[in-house]
Amino acid sequence: MSAHDTALHRQLAALLRKHSGQQLMANRHWRVEMALKPVLRKHSIPDLAMLSGLLGEAGDQGLANECVEAMINNETCFFRDQANFALLTGPVLDHLREKRKSVRRLRIWSSACSSGQEPYSLAMHFAENPEKWLGWTIQIHATDVSTTALTQARAARYSQFEIQRGLPVMLMLKYFSQHGTDWQLQDAIRRKVNFSRHNLLDRAQGLGVFDLVLCRNMLMYLCDDNRKQVLENIADTLAPDGILMLGAAETVIGQTERLKASPEFRGFYERTSAARV
């Protein structure tokens with residue numbers, strides 16, 4: 001990598017980190033170039049060198065936002081990490097159901113939801129178990145920092161490739177209709193999820209308190225300081241007896257004193273009594 005390429009990488013990394021908290025690794029440099037190609041084409045920018053100039057101090061803020069949107073990692077799929085998702089929709093939800101049986105109300109936050117497959121997977125799970133959740137109020141709130149991802153999430157329209165990733169055929173046929181090469185989620189499921197834009201680096205004031213928070217496979221892209229900040233922001237929203245689900249390769253250990261591993265469910269976490277510093 002040339003000195004100019006290194007400087008450009010640092011510039012893009014700083015831009016991404018500032019707006020999303022995600023950390024741009026050097027070994028992802030080639031992926032960034034691919035991600036930015038549509039932006040270059042759209043604005044007739046010949047190369048990354050000129051892009052760098054346009055993004056300089058007091059540069060084009062709209063262009064900067066487009067670059068951030070292009071570089072954000074929006075990797076997701078339906079029923080992602082099936083073993084952990086089965087633990088969530090089985091023992092973990094059963095545990096919360098017992099805890100909330102007196103009020104019959106459950107609030108769930110799918111943070112960093114990307115294009116919506118995670119919260120819609122949950123919505124389909126509840127739809128598949130109507131007798132178990134009869135009389136319950138289930139609120140699923142989903143957020144992401146990417147407006148592009150949220151636009152697709154709200155539309156609930158997916159390509160053949162996206163629909164095949166993790167979604168059982170029976171659920172695809174039951175809850176989706178085909179439109180050309182795309183698949184559209186039925187409105188009855190789509191309306192069960194409320195979407196809004198939120199940066200996890202910001203405190204989640206106004207979102208309320210949640211019984212279950214999902215923040216999966218997002219912390220791995222953050223530096224240590226931002227990881228701690230995100231976890232403490234989540235702890236503020238978690239009910240005293242609520243549960244946090246992280247990705248299989250993620251942990252709160254060594255990151256914050258306000259969350260600890262669940263003694264009952266591997267890969268899940270709960271609040272401690274520690275106060276926010």
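The values are calculated or read from the model by the stated rules, or taken from the named source; none is laboratory data. Treat the numbers as computed from the prediction; the structure is a model and nothing was measured. A quick note on method: Cβ atoms are made from the backbone with ideal geometry, for glycine too, and the neighbour counts reach across all protein chains shown. The area values use the complete protein model at the heavy-atom level, side chains included, leaving out ligands, DNA and RNA. Shrake-Rupley method; radii C 1.70, N 1.55, O 1.52, S 1.80 Å.
So G180 passes all but one of these: (1) at pLDDT below 95; (2) open to solvent by less than 80 Å² (accessible area, probe 1.4 Å); (3) within 22 Å of the chain's Cα centre (by Cα); (4) not β-branched (V, I, T). Which condition number does it fail?
(3)
In the stretch 136-177, what residues are touching a residue at least 40 places away in the same chain (Cβ under 8 Å) and among the hydroxyl-bearing types (S, T, Y)?
Within the stretch 136-177, T143, S146, T147, T148, Y158, Y175 meet the criteria.
Go through L167, L173 for me and flag whichever is assigned to a loop (DSSP other than H, G, I, E, B) and either modelled with pLDDT of 95 or more or surrounded by 17 or more Cβ atoms within 10 Å (Cβ to Cβ) (or both).
Values: L173 fails: assigned to a loop (DSSP other than H, G, I, E, B).
Among L167, L173, only L167 is assigned to a loop (DSSP other than H, G, I, E, B) and either modelled with pLDDT of 95 or more or surrounded by 17 or more Cβ atoms within 10 Å (Cβ to Cβ) (or both).
What residue, among those in the stretch 133-156 that are of a type in the set (S, T, N, Q), modelled with pLDDT under 95 and in a helix (DSSP H, G or I), is most open to solvent (accessible area, probe 1.4 Å)?
Start the filter on the stretch 133-156 by keeping residues that are of a type in the set (S, T, N, Q), which leaves 137, 139, 143, 146-148, 151-152.
Among the residues that remain, those that are also modelled with pLDDT under 95 are: 146-148.
With in a helix (DSSP H, G or I) added as a condition, the list becomes 147-148.
Values: T147: 68, T148: 88 Å².
The qualifying residue most open to solvent (accessible area, probe 1.4 Å) is T148.
Pull out all pairs, ordered by first then second residue, where Cβ-Cβ is under 7 Å, the residues are six or more apart or on different chains, the first lies in the stretch 78-100 and is closer than 18 Å to S110 by Cβ and assigned to a helix (DSSP H, G or I), and the second is open to solvent by 50 Å² or more (accessible area, probe 1.4 Å) and not aromatic (F, W, Y).
That search, which allows pairs on different chains as well, returns N84/A248.
Just the residues that are touching a helix residue (DSSP H, G or I) at 6+ places or on another chain (Cβ under 7 Å), over 22 Å from L122 (Cβ atoms) and either modelled with pLDDT of 95 or more or open to solvent by less than 20 Å² (accessible area, probe 1.4 Å) (or both), please, taken from the stretch 200-235.
Answer for the stretch 200-235, where residues must be touching a helix residue (DSSP H, G or I) at 6+ places or on another chain (Cβ under 7 Å), over 22 Å from L122 (Cβ atoms) and either modelled with pLDDT of 95 or more or open to solvent by less than 20 Å² (accessible area, probe 1.4 Å) (or both): just L222.
Has the stretch 253-267 got at least one residue that is touching a residue at least 40 places away in the same chain (Cβ under 8 Å), in contact with a Lys or Arg (Cβ under 8 Å, 6 or more places away or on another chain), open to solvent by less than 50 Å² (accessible area, probe 1.4 Å) and assigned to a strand (DSSP E or B)?
Step one: filter the stretch 253-267 for residues touching a residue at least 40 places away in the same chain (Cβ under 8 Å), giving 264-267.
Cutting the leftovers down to in contact with a Lys or Arg (Cβ under 8 Å, 6 or more places away or on another chain) gives us none.
No - not one qualifying residue is present in the stretch 253-267.
Name the one entry in R105, R100 that is open to solvent by 70 Å² or more (accessible area, probe 1.4 Å) and in contact with a strand residue (DSSP E or B) (Cβ under 9 Å, 6 or more places away or on another chain). Even if it seems obvious, please write down each step before you answer.
Working: R100 fails: open to solvent by 70 Å² or more (accessible area, probe 1.4 Å).
On inspection, the qualifying residue turns out to be R105.
Quick check on the stretch 108-121: of everything there that is under 20 Å from G267 (Cα atoms) and touching a residue at least 60 places away in the same chain (Cβ under 8 Å), which residue is most open to solvent (accessible area, probe 1.4 Å)?
A112
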